[in-house]
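Since the structure comes first, as structure tokens, the remarks are kept for the end.
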Amino acid sequence: MVAAIFEPGFFSSSSVQLAAAVGAIVAIVTGCVGVFTVIRGQSFAGEALGDVGAAGGSSAYLAGVAPLWGFMAVAVAAAGVMELIGIQRTRGRDLATGIVLGAGFGLAALFLYLGTTYDNTTGATVTVLFGSIFALNTSILPLVAAFGALATGMILLLYRPLLLASVSPELASARRLPVRLIGGLYLLAMALAVALSAVTIGAILSTALLVGPAATALHLTRRPGRAILTAGLIGVGAMWLGILLAYDSYDWPPLHHGWPVSFFVVTIVLLAYIASRAIPARTRQT
Amino acid sequence: MTTDVLAPTTTARATALSVEDVSVRLGGRTVLDHVGFSLKAGEFTGLIGSNGAGKTTLFKVILGVQPVTSGRITVAGGQRSDRDIGYVPQKFLLDPDMPLRGRDLIALGLDGQKLGVPLPSRTRRARVEEMVEAVDAREFADARVGRLSGGEQQRILIAHALISRPKLLLLDEPLANLDLHAAQDVVGLLSRIASEQRIAVLISAHEMNPLLPVMDRIVYLAAGRAATGTVDEVVRSEVLSKLYGHHVDVLRVHGRVIVVAGTGHDEHAADDIVDDGPGAVEIV
């Protein structure tokens with residue numbers, strides 16, 4: 001029975017071990033950051049940061065460095081541009097996101113085109129856009145851990161002011177909190193989280209991990225701290241289950257060549273969200 | 001010492017807020033025009049004026065969010081700390097799915113400005129519990145804030161504002177979206193808090209009647225200018241006519257006050273008062 005679920009070699013495979021470790025770190029980081037993305041209503045901005053990251057990932061491929069650096073650099077730069085255009089004004093939010101998104105996709109198109117033309121391979125395109133967690137290099141683990149610690153550390157440090165500013169900017173500024181600075185720092189943490197997510201499940205799908213587990217957690221608990229823990233748990237669960245199914249799928253039709261991990265992770269995240277909506281929201285009971 | 005005798009009186013009469021000759025000009029328009037008044041601890045004051053009279057701007061300058069063009073504002077005698085003012089904003093709309101209980105929002109009033117994650121603390125929990133009791137929120141303090149009724153949210157916000165033990169409590173149109181019963185409850189609660197905790201309460205409203213039974217003083221704003229004193233001193237035809245710059249009548253009917261524009265030549269100003277002027281009541 002156990003052998004039927006865990007294919008031979010699953011636990012001893014070094015790529016599975018690396019994928020599980022990187023995936024867990026990323027899921028915890030995105031869960032922590034993602035709860036605030038949903039509370040602040042910045043899912044579209046998160047999506048845009050991931051999508052423009054494709055330009056970074058693809059240029060990193062061309063330059064021959066790890067895609068993580070490309071995702072990271074472009075997402076952080078894009079966050080800076082969004083801040084300048086005015087993402088913190090209600091009316092500027094969609095505009096800032098849309099402009100950055102369009103420009104980023106243009107660059108991604110160029111770099112991916114150049115990459116496939118020179119290398120004569122479509123591997124880079126698929127990896128950048130949709131991720132390939134089994135093909136990671138072990139040298140990435142300390143980087144993922146460091147950037148993850150940075151993003152999570154920022155959220156935990158800013159926790160109370162960020163929560164108050166996200167609930168009501170008016171209440172926060174009445175307490176003399178620097179609402180704009182808090183928002184800018186949060187955008188930076190979100191850029192880091194999205195870049196990490198892009199490494200595992202790809203630039204296009206990265207927001208699924210940012211928003212999905214958090215949106216599910218918001219429905220399951222009434223407390224912000226618990227929402228963060230729940231989102232992390234759902235993310236890690238989806239990631240590990242996705243890795244297991246992808247590993248098992250090497251035997252599956254039609255190609256007997258394995259299905260992409262990202263597909264499984266994103267699908268599990270979606271199913272978890274739908275399942276949580278089926279449970280009536282807990283409001284007054286403990 | 002001679003001050004021993006005077007001490008209780010002076011603390012009871014301590015000035016919580018002093019607004020001296022404050023003017024604010026925004027984009028060439030004078031929003032506040034030499035406004036001056038002061039509030040004492042334990043006093044309940046209504047800030048009455050129609051939409052656009054400058055109420056929200058006045059709150060912003062008291063909070064320090066908006067700079068004054070001229071004049072001076074002193075909170076709690078000058079040694080102002082961030083906790084001296086409790087504030088309840090006008091519009092408060094939360095997503096019903098927001099993972100935040102009433103008591104979590106109250107706790108953010110205590111230490112929301114501090115860095116780091118709050119650690120479980122018995123004193124913190126006791127302070128929150130004390131505020132939950134003070135605003136009669138026991139029944140709904142554990143529910144999501146976004147799903148509470150307008151009156152329930154007001155109570156949570158008042159507790160959020162009061163938990164840091166401010167000397168001055170500002171409420172921007174807290175009765176605007178409440179039905180008559182909920183409005184009376186909130187007014188009763190605020191009046192009790194003002195006298196029990198010796199806090200100066202300044203509450204803005206475009207309709208003064210719900211506040212009449214509890215108001216110690218009134219600050220009446222019209223076109224950026226203010227008249228201040230007790231209700232009987234301020235809400236009189238000659239005072240308000242001078243403030244508006246044209247004739248208005250003050251009628252007292254069944255314990256209610258109705259302010260109506262007289263037949264002045266300034267048709268627009270007259271429209272303004274009748275439409276959304278203070279005390280203008282619908283005929284039921």
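The table that follows gives values for the structure above.
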item: Cα gyration tensor, the range A:12-278 - rounded (a/c under 1.5), prolate or oblate; result: oblate
item: Theoretical FRET efficiency, 1/(1+(r/R0)^6), r = Cβ-Cβ of A:Ala77 and A:Trp259, R0 41 Å, to 0.05; result: 0.75
item: B:Asp33-A:Phe105 FRET efficiency (beta carbon distance; Förster radius 45 Å; 0.05 resolution); result: 0.30
item: For chain A: relative contact order, % (alpha-carbon pairs under 8 angstrom, 6 or more apart); result: 29 percent
item: Relative contact order of the range B:121-245, defined on C-alpha pairs under 8 angstrom at six or more residues apart (%); result: 17 percent
item: Paramagnetic reach from A:Val126 in the range A:51-84 [backbone N under 17 Å; point 7 Å along Cα→Cβ]; result: A:58
item: Hull shadow area, averaged, the range B:120-189 [alpha-carbon convex hull, nm²]; result: 5.2 nm²
item: Amide hydrogen neighbours beyond the local backbone of B:Val219, cut-off 5 Å, H modeled; result: B:Gly46, B:Leu47, B:Ile48
item: Exposed-site-free run, longest, chain A (rule: trypsin sites (Lys or Arg not before Pro); DSSP loop; at most 15 other C-beta within 10 Å); result: A:177-281
item: Tensor-based shape of the range B:12-159 (alpha-carbon gyration tensor, a/c under 1.5 rounded, otherwise prolate or oblate); result: prolate
item: Span-rule helices in chain A, defined as complete DSSP H runs reaching 15 Å or more along the axis (Cα) with Kyte mean at least -0.5; result: A:14-39, A:43-63, A:67-85, A:90-119, A:140-167, A:179-201, A:206-220, A:224-248, A:261-278
item: Residue-wise HN-Hα coupling along the range B:54-67, computed from phi with Karplus coefficients 6.51, -1.76, 1.60 (Hz; x: Gly, Pro); result: x, 4, 5, 4, 4, 4, 5, 6, 5, 6, x, 7, 10, x
item: Residues with amide H under 5 Å from that of B:Val31, placed H, sequence gap 5 or more; result: B:Val24, B:Arg25, B:Leu26
item: Computed [θ] at 222 nm, helices only, for the protein assembly as shown once each DSSP H run of length n ≥ 4 contributes -39500 (n - 2.57); result: -18000 deg cm²/dmol
item: Label-point gap, in nm, between B:Asn51 and B:Arg252 - each point 7 angstrom along Cα→Cβ; result: 3.1 nm
item: Calculated FRET value between A:Leu270 and A:Leu229, using beta carbons and R₀ = 22 Å, to 0.05; result: 0.60
item: Relative contact order (%) - the range B:22-166, alpha-carbon pairs under 8 angstrom, separation at least six; result: 26 percent
item: Shape of the protein assembly as shown, Cα gyration tensor, a/c cut at 1.5; result: prolate
item: Overall Cα dimensions of chain B, principal axis frame, Å, largest first; result: 65, 55, 41
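No value in this document is a laboratory result; all are computed from the given coordinates. None of these values were measured; they are calculated from a predicted model. In this analysis, Cβ positions are derived from the backbone assuming ideal geometry, glycine residues included, and neighbour counts consider all displayed protein chains.
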